[in-house]
Number of protein chains: 2
Amino acid sequence: MKIYDRPGFPNPARIRIVLAEKQLESRVEFIPIDLIGAEHKSPAFLQKNPSGVLPVLELDDGTLISESTAITEYLDALDGAPTLTGRTPREKGMIHMMSKRAELELLDAVSVYFHHATPGLGPDVEIYQNAEWGFRQRDKALKGMHYFDGILRTRPFVAGEVFSMADITVIGGLIFAGIVKLPLPAECDALQAWYARMQERPSVRNRVTMSEPAAASA
Amino acid sequence: MKIYDRPGFPNPARIRIVLAEKQLESRVEFIPIDLIGAEHKSPAFLQKNPSGVLPVLELDDGTLISESTAITEYLDALDGAPTLTGRTPREKGMIHMMSKRAELELLDAVSVYFHHATPGLGPDVEIYQNAEWGFRQRDKALKGMHYFDGILRTRPFVAGEVFSMADITVIGGLIFAGIVKLPLPAECDALQAWYARMQERPSVRNRVTMSEPAAASA
């Protein structure tokens, strides 16, 4: 299978973490997409993902799967032993809820801030910007950090007792926050301690480091 | 289990369709939430769902699950025989991709239009509005209708050969479009034909009808 992505960017990092957790990296051919050059908005790429975002998974039969949650569902089910998306109905519900909440309240909010209230990926990509909306979303992301800090005072992982897709989505949000220089509030010490623990996982460590150079170039 | 919702609204309708498809309605106690009175933004409700949106599922042990995809995952897995969220890795990936795309490109876009560029749920709820962003999202939703029309020219259901969560999410989007009086473009005849077929399903028929009175009051 192939993955179209760009190392160091937040949503690609989510899938790289999934692949490492599932030990699937060797089965994937990675194809880099030039985000600064707006390759993800080109007609050829929009054929692969009409939403124009990374990453995209292409199966050997040509099937195209985009959206990080969908790619994670596919990869996690490949071996018939899902470890990241839940084994029981309650786990599935909790993991999907917390992962979606991490998108809504953190990752997607940072993304809108980046694309609308900063130079984002540059003038070739950011053709329309709504700065007021972008700054609102920055404030939402900061509130989201406090929310997840509160959650992580009550349990070891974002969706409960085990590492899951929900942790990976929050990690994606914090990678993006690092890129846009939105620091974790000092008082969010449970979130900070959890993030330090996450970076002890081999699947996560390199992603967070890799994201730093992207910050400079983005 | 309990579900906090409001009949006739789009995301509640998604879960009502899931419950009907899975024949689980008799196991649920429905608790109505007053959206016009901003009950979903009250401290008591925000305890249940910090994102302040409907529906919310409460299990008998007190576990709270919000977000329609997460609730659908829970309900679909309850009997160990998922029919709406996919049985194989490829099905899971396709269904999650298309359902997320239906949110991004249609349902959530209509929602932002409703809350930001129309009176929405009224002045007690719509404290901040960004009309420019709202109108952009209306245009995005219209483009989304054309996208799904194109998809439904190539296959009988949104994610492939079987009815799934992805169909339900598009139905939610079209219910919301009906509420905000955003008609399906005449040229989207494949989408129109699919929607007519969907309304032949007992699980769907009443939801679409029920949404009409909400249009007048919302």
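Where a number appears in this text, it was derived from the coordinates with a stated rule and is not lab data. Keep in mind that what you see is a predicted model, and the values were worked out from it rather than measured. With ideal geometry, Cβ positions are generated from the backbone for all residues, glycine too; neighbour counts draw on all protein chains shown.
Against the definition (among the aliphatic types (A, V, I, L, M), over 29 Å from A:ALA131 (Cα atoms), touching a residue at least 12 places away in the same chain (Cβ under 8 Å) and in contact with a helix residue (DSSP H, G or I) (Cβ under 6 Å, 6 or more places away or on another chain)), how does B:ALA190 come out, yes or no? Yes; evaluated as a whole, the condition is true for this residue. Might you let me know whether the stretch B:116-136 holds any residue that is under 26 Å from A:VAL56 (Cβ atoms) and in a helix (DSSP H, G or I)? There is at least one residue in the stretch B:116-136 that is under 26 Å from A:VAL56 (Cβ atoms) and in a helix (DSSP H, G or I). Looking only at residues of the stretch B:86-128 that are within 11 Å of another protein chain (Cβ to nearest Cβ) and of a type in the set (S, T, N, Q), we find that the one that is nearest to A:TRP133 (Cα to Cα) is B:SER99. Within the stretch B:61-85, the residues that satisfy the criterion of being more than 8 Å from every other protein chain (Cβ to nearest Cβ) and not in a helix (DSSP H, G or I) are B:ASP61, B:GLY62, B:LEU64, B:ASP79, B:GLY80, B:ALA81, B:PRO82, B:THR83, B:LEU84, B:THR85.
Among the residues of the stretch A:121-153, those that are surrounded by 19 or more Cβ atoms within 10 Å (Cβ to Cβ), among the small types (Gly, Ala, Ser) and out of contact with any Ser or Thr (no Cβ under 8 Å at 6 or more places or on another chain) comprise A:ALA141, A:GLY144.
Within the stretch A:35-60, restricting attention to residues that are without any contact (Cβ under 8 Å) to a residue 12 or more places away in the chain and more than 23 Å from A:GLU103 (Cα to Cα), which residue is farthest from the other protein chains (Cβ to nearest Cβ)? Among those residues, the one meeting the criterion is A:GLU39. So for the stretch B:91-112 (the condition being under 22 Å from B:VAL18 (Cβ atoms), of a type in the set (Gly, Ala, Ser) and touching an Asp or Glu at 6+ places or on another chain (Cβ under 8 Å)), does at least one residue qualify? Within the stretch B:91-112, one or more residues are under 22 Å from B:VAL18 (Cβ atoms), of a type in the set (Gly, Ala, Ser) and touching an Asp or Glu at 6+ places or on another chain (Cβ under 8 Å).
Mind checking which residues of the stretch A:61-110 are surrounded by fewer than 23 Cβ atoms within 10 Å (Cβ to Cβ), small (Gly, Ala, Ser) and touching a residue at least 12 places away in the same chain (Cβ under 8 Å)? Selection gives nothing.
Looking across the stretch A:24-39, the residues that are part of a helix (DSSP H, G or I) and either in contact with a strand residue (DSSP E or B) (Cβ under 7 Å, 6 or more places away or on another chain) or more than 11 Å from A:ASP124 (Cβ to Cβ) (or both) come down to A:GLU25, A:SER26, A:ARG27. Every listed requirement among (1) within 30 Å of A:GLU39 (Cβ to Cβ); (2) part of a loop (DSSP other than H, G, I, E, B); (3) more than 14 Å from chain B (Cβ to nearest Cβ); (4) not aromatic (Phe, Trp, Tyr) is met by A:VAL170 save one, (2).
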